[in-house]
1. With r as the distance between the Cβ atoms of residue 712 and residue 344 and R0 = 45 Å, compute the FRET efficiency 1/(1 + (r/R0)^6) and round to 0.05.
2. Around residue 676, with a cut-off of 10 angstrom between Cβ atoms, what is the net charge of the other residues, counting Lys and Arg +1 and Asp and Glu -1?
3. Quick one: which residues, 5 or more positions from residue 257 or on another chain, have an amide H under 5 Å from its amide H? H modelled 1.01 Å from N in the peptide plane, none for Pro or chain starts.
4. If R₀ is 25 angstrom, what is the calculated FRET efficiency for the pair residue 108 and residue 157, using the beta carbon separation as r and rounding to 0.05?
5. From the backbone phi of the range 158-173, what are the Karplus-calculated ³J(HN,Hα) couplings (6.51 cos²θ - 1.76 cosθ + 1.60, θ = phi - 60°) in whole Hz, Gly and Pro given as x?
6. Translational diffusion coefficient, Stokes-Einstein: compute it for the range 612-771 using the Kirkwood radius over C-alpha pairs as Rh, at 10 °C and 1.306 mPa s, and state it as an integer in µm² s⁻¹.
7. Can you work out the Karplus-derived ³J(HN,Hα) for every residue in the range 333-339? Use 6.51 cos²θ - 1.76 cosθ + 1.60 with θ = phi - 60°, whole Hz, and x for glycine or proline.
8. Shape of the range 621-681 from its Cα gyration tensor (a ≥ b ≥ c, root eigenvalues): rounded if a/c is under 1.5, otherwise prolate when a/b > b/c, or oblate?
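The values are calculated or read from the model by the stated rules, or taken from the named source; none is laboratory data. The structure presented is a predicted model; accordingly, all values stated were derived computationally and were not measured. Cβ coordinates were reconstructed from backbone atoms using ideal geometry, including for glycine residues, and neighbour counts include every protein chain displayed. In case anyone asks, the SASA skips ligands and DNA or RNA and just uses the protein heavy atoms, side chains included. Shrake-Rupley method; radii C 1.70, N 1.55, O 1.52, S 1.80 Å.
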Amino acid sequence: MSKANRPNPENPETFTGIKLSSPKTTAAGIPAVISSMQHVFGEMDAMRGLKALFKVNQKDGFDCPGCAWPDPDDERSPIAEYCENGAKAIAEEATSKRLDASFFAANSVADLAELNDYEIGKKGRIAHPMYLPKGATHYQRINWTTAFNIMADHLRSLESPDEAIFYTSGRTSNEAAFLYQLFVREFGTNNLPDCSNMCHESSGVALTESLGIGKGSVKLEDFYEAEVILIIGQNPGTNHPRMLSALQKAKENGAKIISINPLPETGLIGFSNPQTLKGALGIKARLTDLFLQVQINGDMALMQAIAKYLLFYEAQAPGTVLDHDFIAKHSLGYEDWKKHIEAQDLQELEQISGIPLLQIEQAAEYLRNSKKIIACWAMGLTQHKNAVNTIKEVVNLLLMKGSIGKPGAGTCPVRGHSNVQGDRTMGIYEKPSDAFLDRLDKAFDIKTPRRHGYDTVDCIHAMYEGKAKVFFAMGGNFLSATPDTNYTAKALENCQLTVHVSTKLNRSHLIHGEEALILPCLGRSDKDELNGEEQFISCENSMGVIQKSKGSLKPVSDDLLSESSIVCLMAKAVLGQESKVDWDLFLTHNDHIRDAIERSIPGFDNYNKRVREPGGFYLPNSARDGQFNTISGKAEFTVSRPQIEPIDDGEYRMMTIRSHDQFNTTIYGLNDRYRGITNERRVIFMNENDMRREGLNKGDVVDLFNYHDGVERVAHRFIVIPFSIPERCTATYFPETNVLVPIKSVAEKSNTPTSKMIVLQIRKSAEHVTV
C-alpha cells in the first residue's frame, strides 16, 4: 500500500511518552467533572460550552451524540444530565474549530494520512462540501449542486443499483434514516449495511429467534426493581457511564450485581456520583457483589455451569427455584435443553470458562431464590464466532427463572451509538422483511427490491472484488470501524466514487476511491432551520423510547445541511422526475417526514403529537409484554455446545477494547485514566505469567501477528503492559489493532466480525520503553 494511503501509521518514529499508574478503583467523581470541563472548554468558549452542556439530554434539548443509554422518564438533573464521555462527545461535535478550503489547499491527502486518528479528529468541523477529483492530491471546495450532480452521474451510470453501497452510522436521526432507506430502495437496492452489523447484530439475531423481537425488553425503571443484575462483556464506566447511576440506585434498592468480564473494569468496582454530596467528597459506592473474571469466549460455558447448579437446586427442592408455570405456558424446548445441561461436565465447563466452581456456585446462589433478573451485555458477547448461541444461552438462564415479561426482569443489550437501534427501526437493514417493504410500496406507490443486500462484511468483499463501485456513508468512520484494515482500505480504493456525510475529518476521507466527496452536515447540537422555522429530529434509545432532539448552537458554517436535506437533494438529483416520492415536501418541514414514518412503520401512531410530549414515548415491545412472536409463538430454549477457539503453543487470544478517552472510533485523547495509562494507545495488556513465559518485561516493544486463513496481518510496535487478565488472553485498543481482525472470521448467523477473539502471535523487538 502506498505511503499516501496507509490506513494508520504503523511505525511511529517515537512513542508519545507513556506513563503508568495503578488502575483506579473508583469511576466518575470530581476527576470526571474536571476532565469534562477541560475537553469542552478546550474546544469552544465558555458561553458556547455552557449552552451545549445545559441542553444535552434535556427534554427541551438535544440527544447526546454518544451512547444510547436512556434518559430518566421522570425528572432530569437541570445541571448535568450527561456523563464525562458525553461531555467529550459534545466537545468533539460542538467545537468552534473549522476546516475551510484553505486548510485543504495547504494539506494534501497524503500528508493528512500520516497523522494518527486522534490528530485527524482534532482538526475541527468541515465547513464546506469538498471534492477530490481523480488523480488529485488535495480536496477542493465545491458547491452543493455540483456535489449532487457528481453523485448522480456516478449512480446513474452503474450497470445495476446493486453496484452501490449505502452505509449508515448509528448517529443518523430517525427522520434522516427513514428518508435514506426510502431513497436507496426507490433507487433499486437493499445494500444498506450499518454499524449494527459490527456490534449488536448478534443480539438482534439471537433475540429474534428466541424471543421474537431483536431488541431488549427492559425499561430503565426495571433496574430499580431487579433482584439480580448480570453485566456480561460490558464496561459501563467507559462506554455507558450514565448506567452507573442506575446501577447505584438498584443497589440501594437491594439488587445484587454480578459482573462477568476478562478485565476488571473500574466502573463496576466503585462509583462516585458527582451529583451527590458523597460522590463529590470522593466517597464511592461499591457496585459489583461478585466479579467473575471469565477468559475470552468462556461466557457460554459459564452460563451453562450456572444453569446446571440451578437445575441441581431445583431437583433438591422441587418448585422453589425454577418458574415452571412460565416454562409450561410461555416456552418451548425446555426438556431438551434441560437434558443437555444435565449432561454437561462441570469440570469441563470450569476449564472452558476459566471460573472456579466455587465462584460459579456463588453466582448460582445469588440467582437461586431471585425471580427478577436482568441480563445486560455488549460487545464482549456479540463479537465471537459463537456469539448468537452465547446470547441465547443468556436468554435460557432468564427463561428458566421466568425473568422476561415482568417488572424488574428481562434482556438488556446495551447499545453503543445513540440511534443505532432507531436506524434499524426505520428500515436501515440489508435483509428487510416483505411486510416492511409492502408497507413502503403502499405508502409511496413504489416497487421496492426484494433481493437481500450486502451487510458490512459482505459489502467490503464486494468492493474488494470490484462488484461494488460507489460507496456512500451516512456518518461514521468506516475504515477505522471495520475489520482487516488493509483489506478494507483496498476495497475502498477500488471504488469509482466514495462519499462521506460527516461533521469532522476522519481517516475514511483519506483512503478513498478514484473520486471522493465529503458532505458536511449539521450535528446534534446545531440549530437547524427550514423556511425560517427551527426543526427537531428524533432518536430511539436502548430501551425503545422515541424522543425529540433539538439543537441550539449556531453552526460553525452557513454551508452545512441536515442529513435529511442531503438525502432529499441527493434523491432529486439521482431519481429526477422518475421518483414517485415528494422529496420537495420533506424539504419544507420535518413534520412531513414523521407523517410518512407514521404511515409506514407500526408503533408510530400520532408521531408528531407524541414525540412533542416531554420525554417522548415507548415503542411497542412484545417480549416486554410477555408475548413472543417467534415461529412457535413461544419463547424458545436453545441447545448449544460450549466451545472455545483453540490456540496453539505460543499463541494468545486477543480482544479489542476502548480506552476511557474514546467513543467508538472517535479518539478524545491519549489517556486511559481508569486503567492507569497516560499519553499512549499502542499498548498490549498481558497476564504477568504469560510475560514471564515469553521473556517479556513491562515496557518491552512487540509486534503482533495474526495468520487466519494463511494471510499474515501485523500491527507494529506495541508496548507490553502487565494487567489483571486471564492467562493466554490479551487486550489492545481499537482501531489500532483492527488490522489484525480477519475479514473472514465472523459470527455464525450474524456475520459480525470477531473483534473480541483474535488468535495472536507476539514477537519481541529490540526496543524498550521506560514506563
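1. On the way: r = 38 Å, r/R0 = 0.84.
For residue 344 and residue 712, the calculated efficiency is 0.75.
2. +3
3. Amide H to amide H, under 5 Å and 5 or more residues apart or across chains, residue 257 pairs with 229, 289, 290.
4. The calculated FRET efficiency here is 0.30.
5. Calculated HN-Hα couplings, in order: 5, 5, 8, x, 6, 7, 10, 10, 10, 8, 9, 8, x, 6, 4, 5 Hz.
6. Here the translational diffusion coefficient equals 86 µm²/s.
7. x, 4, 4, 5, 5, 4, 4
8. Because a/c hits 1.5 or more and a/b fails to exceed b/c, the range 621-681 counts as oblate.
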